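Undergrad: Have a look at the structure that comes next, please.
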Amino acid sequence: MANPLNVNEVLDRITSLDGAPVELEGVLAAEPEGYHLLHYPHSERKPDFVDLSHRSYPPSVILAFGTGSLQPNQEALSKWLGKRVRVHGILRSTPLPKGDEQTIHMGLVTPARIEPYSVQRVTAEERREHDA
């Protein structure tokens, strides 16, 4: 894919992209619950994702490493925090909690997750090409 999707595009198109292989680019962030991608550039980040029930969630995409052969390289990922990365994987919508708003504070809950098969740091040359 020549032009990777960004987080805003994924959140806007989550229904049509659910289950599809995608190339997603964003800023790597971490919470105690795991890694997730934020939209780049920061100035265009959506304030929140609001579902049909008018509940809001962080506008990010979780990196959902399963129990398979691809496991997170904690050392590399910790060096990439706050940096742009490109993730190839299968995009999935995330079932959001129903009812009590307090359930979202029990863990990182976002409207989408990506099951990665590749995570790479975006190089300076790739940034120049993409931002041009």
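The rows are residues; the columns are (1) under 17 Å from TYR40 (Cβ atoms); (2) at pLDDT below 90.
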site	(1), (2)
ALA76	no, no
LEU81	yes, no
HIS105	no, yes
PRO111	no, yes
VAL119	yes, no
ALA124	yes, yes
ARG128	yes, yes
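Undergrad: A follow-up question, please. For HIS54, which of the numbered conditions (1) at pLDDT 90 or above; (2) part of a loop (DSSP other than H, G, I, E, B); (3) surrounded by fewer than 14 Cβ atoms within 10 Å (Cβ to Cβ) fails to hold?
TA: Among (1) at pLDDT 90 or above; (2) part of a loop (DSSP other than H, G, I, E, B); (3) surrounded by fewer than 14 Cβ atoms within 10 Å (Cβ to Cβ), the lone unmet condition for HIS54 is (1).
Undergrad: Something else: Go through (1) over 19 Å from GLY89 (Cβ atoms); (2) touching a His at 6+ places or on another chain (Cβ under 9 Å) one by one and return the number of the condition ARG55 breaks.
TA: Every condition holds for ARG55 apart from (2).
Undergrad: Report every pair of residues separated by at least 6 positions or lying on different chains whose Cβ atoms are under 8 Å apart, first residue within the stretch 112-132 and assigned to a strand (DSSP E or B), second at pLDDT below 90 and loosely packed, with under 11 Cβ neighbours inside 10 Å.
TA: Between residues of the stretch 112-132 that are assigned to a strand (DSSP E or B) and residues that are at pLDDT below 90 and loosely packed, with under 11 Cβ neighbours inside 10 Å, the close pairs are GLU115/GLY66.
Undergrad: If you scan the stretch 1-31, which residues turn out to be touching a residue at least 24 places away in the same chain (Cβ under 8 Å) and assigned to a loop (DSSP other than H, G, I, E, B)?
TA: As a first pass, look at the stretch 1-31 and keep what is touching a residue at least 24 places away in the same chain (Cβ under 8 Å): 3-4, 6-8, 10-11, 14-15, 17-31.
The answer is ASN3, PRO4, ASP18, GLY19, ALA20.
The values are calculated or read from the model by the stated rules, or taken from the named source; none is laboratory data. A quick note: this is a predicted structure, and the numbers were derived from the prediction, not measured. Cβ: placed from backbone, ideal geometry, glycine included. Neighbour counts: every protein chain shown.
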